[in-house]
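The values are calculated or read from the model by the stated rules, or taken from the named source; none is laboratory data. Treat the numbers as computed from the prediction; the structure is a model and nothing was measured. Cβ: placed from backbone, ideal geometry, glycine included. Neighbour counts: every protein chain shown.
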Amino acid sequence: MTATTVRPPVSVDVPDIPRKRRPRAAALTVFTWIVALGFFFPVLWMVLTAFKQENQAATDPPTFLFTPTLDQFRAVFDSGIGTALLNSAFATVVSTALVLLLGVPAAFALSLRPIKRTPDALFFFISTKMLPVVAAIIPLYVIVGRIGMLDNVWTLVVVYTAMNLPIAVWMMRSFFLEVPRELLEASSIDGASTWTAVREVILPLVSPGIAATALICVIFSWNEFFFAVNLTAVNAQTMPVALTGFMSGQGLFWAQLSAASVLAALPVVVCGWIAQNKLVRGLSFGAIK
């Protein structure tokens, strides 16, 4: 029989924070929490106000102890804001899908399959964001009016697609540039077509970037106000435009406005919470080799 030698456990010294730096680190942590709560407090106060009665929403001093109620949410839905929610959801989802459908192939062609005039094409895309929206609204309003598309949700779909497409192309191109070209070469050697290589190899690698791009397009489309307020009236009214209806000549209804604002912010928050893992990976894609 051979004797086995039992080695004593090796102790690993974990570096500790010097005692002189501990109070400084604790103070920095407390300061960071205070700043974070300061930024979050307006959102928290909006949510709390949404559950108050109207006579409790604008008291001086503020009312902290109250009985929560859903009356303001009922009043908001009774005012017809459901149509605005559906219009915003339709314009946002359809325009984001079109942006990805057009932007992903364009970004792929300008990154892994570049052409001679790639810098010119990229500059053309980004130059469309240099024009102030105020300068474009008058000719856009005239064109939309001539073709009979005023107060139509499909007009917002086209406008939001054109608004977000340059951003999507630039973002997706940066993600595609991080993919080694050797993957496409290896796929072609194995007999895979370009479409098969993109579908089976490239797109799974850049899926976090696609999720990040889609979420940014959703946020921009959902929160857009200028085009919506000038190109819509009643039928295609979106959520940001509908919020202005709670500021009337009779006064400012704080509780109902807070309830409507909670409903307006909730879809974007839910989308961000669902895609948070891929969003973090997408925004940091290529930062660490």
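Of the residues making up the range 98-118, those that are touching a helix residue (DSSP H, G or I) at 6+ places or on another chain (Cβ under 9 Å) and among the aliphatic types (A, V, I, L, M) are L98, V99, L100, L102, V104, A106, A107, A109, L110, L112, I115. Among the residues making up the range 172-191, those that are buried (at least 18 other Cβ atoms within 10 Å of the Cβ) and touching a residue at least 40 places away in the same chain (Cβ under 8 Å) are M172, R173, F175, F176, V179, L184. Here the condition is being small (G, A, S) and outside the structural domain of S174 (by TED's automatic domain parsing); of G38, G103, it holds for G38 alone. Pairs meeting the criteria (first residue in the range 26-47 and in contact (Cβ under 8 Å) with a residue 12 or more places away in the chain, second residue surrounded by 10 or more Cβ atoms within 10 Å (Cβ to Cβ) and assigned to a helix (DSSP H, G or I), beta carbons under 7 Å, at least 6 apart or on different chains) are M46/S258; M46/S261; M46/V262; V47/V262.
Those helices (runs of 4 or more DSSP H) of the range 157-226 in which at least 1 residues are within 21 Å of the chain's Cα centre (by Cα) and modelled with pLDDT under 90, considering only elements entirely within it, cover 203-223. If you go through the range 85-119 and keep only what is closer than 16 Å to L184 by Cα and of a type in the set (S, T, Y), you end up with just S111. Which residues, counting only those in the range 81-95, are surrounded by 24 or more Cβ atoms within 10 Å (Cβ to Cβ) and either β-branched (V, I, T) or touching a Pro at 6+ places or on another chain (Cβ under 6 Å) (or both)? Within the range 81-95, T92 is the sole residue that qualifies. Of the residues in the range 107-115, at least one is part of a loop (DSSP other than H, G, I, E, B), exposed (fewer than 12 other Cβ atoms within 10 Å of the Cβ) and assigned by TED's automatic domain parsing to the domain that holds E185.
The single condition among (1) at pLDDT 80 or above; (2) surrounded by 11 or more Cβ atoms within 10 Å (Cβ to Cβ) that A121 does not meet is (1). Residues that are within 18 Å of the chain's Cα centre (by Cα) and aliphatic (A, V, I, L, M) were ranked within the range 96-106; the one that is surrounded by the fewest Cβ atoms within 10 Å (Cβ to Cβ) is L101.
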